[in-house]
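Scroll down for the structure; my scribbles are underneath it.
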Amino acid sequence: MAQLPAPEARYLSLAPRPGAAVRTALVAAFDGLVEHTGELRRGSTDPEEIHDARVAARQFRSRAVALASVLDVDAIASELDDLRGLARALGAVRDLDVLLEDLGTEAGGVPDGLRPAAALIVSGFADERAAAMADVRRRLDGPANERLLRSLGSIAAAPPLRRPERDPEPSVVMTSVWKAAARRARAAAATPTDETLHALRIRTKRARYAAEALEPFVGKPAARFARSAGRLQDILGRHQDAVVAIDKLSDVAARDPDLAFAAGWISAGRARLRADTRDAWPKAWRSLARKERRFW
């Protein structure tokens with residue numbers, strides 16, 4: 001009997017069985033979450049520990065959601081919701097860390113007469129950061145977090161897989177997130193407001209996370225797409241950071257007229273960054289949107 005030809009592969013995958021790849025992805029994120037939240041529980045206030053803990057929480061969620069064709073996410077929906085709450089609490093501290101770093105840079109350049117007021121502004125945000133950090137610590141030290149970590153560890157070690165096991169189809173994972181990002185890019189190009197650029201940043205981040213989740217199955221094409229998406233996300237993230245700083249400084253000026261002039265001076269520097277990033281994002285989008293970037 002003549003041997004039948006092997007079916008043509010739609011894409012090259014050198015990954016292990018889907019279940020093994022899912023376990024590897026989730027275990028890596030879980031290990032990072034345990035490591036960095038552990039440092040925070042032991043008293044660290046290092047902004048990098050906050051950043052890394054937030055990244056690990058987001059990675060666990062994003063990888064699980066992106067691999068929903070392999071992983072039964074309905075079975076772990078409550079754990080993913082709880083993890084989202086932790087990520088938001090960490091994000092509140094991280095956003096203030098970024099704000100304080102940016103304001104410190106701007107405040108260093110104010111005229112001598114405005115330095116006392118600038119220092120008071122920065123001090124106020126430092127107090128806000130301390131309160132947000134205390135909230136994170138209470139959450140991490142509570143029994144709910146202990147239960148969550150145990151559950152996430154069990155999920156990572158033995159994820160609830162759909163049967164039969166199969167590789168995720170890149171087109172299924174990427175098409176909807178890419179179309180959503182493209183819609184936001186068209187809206188931002190037509191009307192580049194703070195809101196439209198923020199929406200594009202969120203959709204770009206989701207597309208990057210989806211590509212990263214597919215990297216074990218697809219390889220370098222997914223990694224290249226994710227890096228390009230990351231460059232656009234960085235630009236849009238700096239834009240959003242500037243927007244947040246301007247809004248918070250406006251609130252300071254409204255609450256305390258004695259600080260209004262210093263707040264306005266610092267805000268002007270953030271406004272320049274906002275303008276620069278608005279000019280920069282279209283080039284990064286065009287690079288990401290090149291047809292050869294699409295691996296699905």
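The values are calculated or read from the model by the stated rules, or taken from the named source; none is laboratory data. Predicted, not measured: the structure shown is a model, and the values here were computed from it. Every residue, glycine among them, receives a Cβ derived from its backbone with ideal geometry; neighbour counts consider all protein chains shown. Just so you know, the surface numbers come from the protein's heavy atoms only, side chains and all, with ligands and any DNA or RNA stripped out. Shrake-Rupley method; radii C 1.70, N 1.55, O 1.52, S 1.80 Å.
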Just one listed residue, out of P192, P216, is over 15 Å from V65 (Cα atoms) and outside any helix (DSSP H, G or I), and it is P192
Inside region 229-258, can you point out the residues that are under 16 Å from L100 (Cβ atoms) and more than 27 Å from the chain's Cα centre (by Cα)? V252
Residue list for region 103-135, filter: open to solvent by 30 Å² or more (accessible area, probe 1.4 Å) and within 13 Å of R270 (Cβ to Cβ): G104, T105, E106, G109
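Can you work out which of the residues in region 6-26 that are in a loop (DSSP other than H, G, I, E, B) and more than 19 Å from K220 (Cα to Cα) is modelled with the highest pLDDT?
Among those residues, the one meeting the criterion is A6.
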Residue match in region 229-239 (condition: closer than 30 Å to D112 by Cα, out of contact with any Gly (no Cβ under 9 Å at 6 or more places or on another chain), of a type in the set (D, E) and part of a helix (DSSP H, G or I)): no
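When you check E49 against the structure, is it in a helix (DSSP H, G or I), open to solvent by 50 Å² or more (accessible area, probe 1.4 Å) and modelled with pLDDT of 95 or more, yes or no?
Working: in a helix (DSSP H, G or I): yes; open to solvent by 50 Å² or more (accessible area, probe 1.4 Å): no; modelled with pLDDT of 95 or more: yes.
For E49, the condition - in a helix (DSSP H, G or I), open to solvent by 50 Å² or more (accessible area, probe 1.4 Å) and modelled with pLDDT of 95 or more - is not met.
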Can you find a residue in region 27-35 that is in a helix (DSSP H, G or I) and farther than 23 Å from A158 by Cα? no
Restricting to region 62-93, give me the number of residues that are open to solvent by less than 50 Å² (accessible area, probe 1.4 Å) and not small (G, A, S). 13
Testing P170 on (1) over 19 Å from the mean Cα position of the chain (by Cα); (2) open to solvent by 20 Å² or more (accessible area, probe 1.4 Å), one condition comes back false. Which one is that? (2)
Give me the pairs: first residue in region 25-53 and under 16 Å from G142 (Cβ atoms), second residue open to solvent by 10 Å² or more (accessible area, probe 1.4 Å) and assigned to a helix (DSSP H, G or I), beta-carbon distance under 6 Å, and six or more apart or on different chains, which are they? L40/E49; A53/H36
Scan region 166-188 and report the pairs whose first residue is in a helix (DSSP H, G or I) and whose second residue is modelled with pLDDT under 95 and hydroxyl-bearing (S, T, Y), with Cβ atoms within less than 9 Å and a gap of 6+ or a chain change. P170/Y11; V172/S69; V173/S69; V177/Y209
P116 - would you say it is more than 18 Å from V244 (Cβ to Cβ), at pLDDT below 95 and either part of a helix (DSSP H, G or I) or in contact with a Ser or Thr (Cβ under 8 Å, 6 or more places away or on another chain) (or both)? no
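Identify the residue in region 52-73 that is in contact with a strand residue (DSSP E or B) (Cβ under 8 Å, 6 or more places away or on another chain) and not in a helix (DSSP H, G or I) and, among all such residues, is farthest from P170 (Cα to Cα). Even if it seems obvious, please write down each step before you answer.
Start the filter on region 52-73 by keeping residues that are in contact with a strand residue (DSSP E or B) (Cβ under 8 Å, 6 or more places away or on another chain), which leaves 64, 70-72.
The next check asks that each one be not in a helix (DSSP H, G or I); those that pass are 70-72.
On the way: V70: 12, L71: 15, D72: 17 Å.
Looking at residues that are in contact with a strand residue (DSSP E or B) (Cβ under 8 Å, 6 or more places away or on another chain) and not in a helix (DSSP H, G or I), I get D72.
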The residue from D102, D135, D127, D97 that alone is part of a helix (DSSP H, G or I), at pLDDT below 95, farther than 30 Å from G19 by Cα and charged (D, E, K, R) is D102
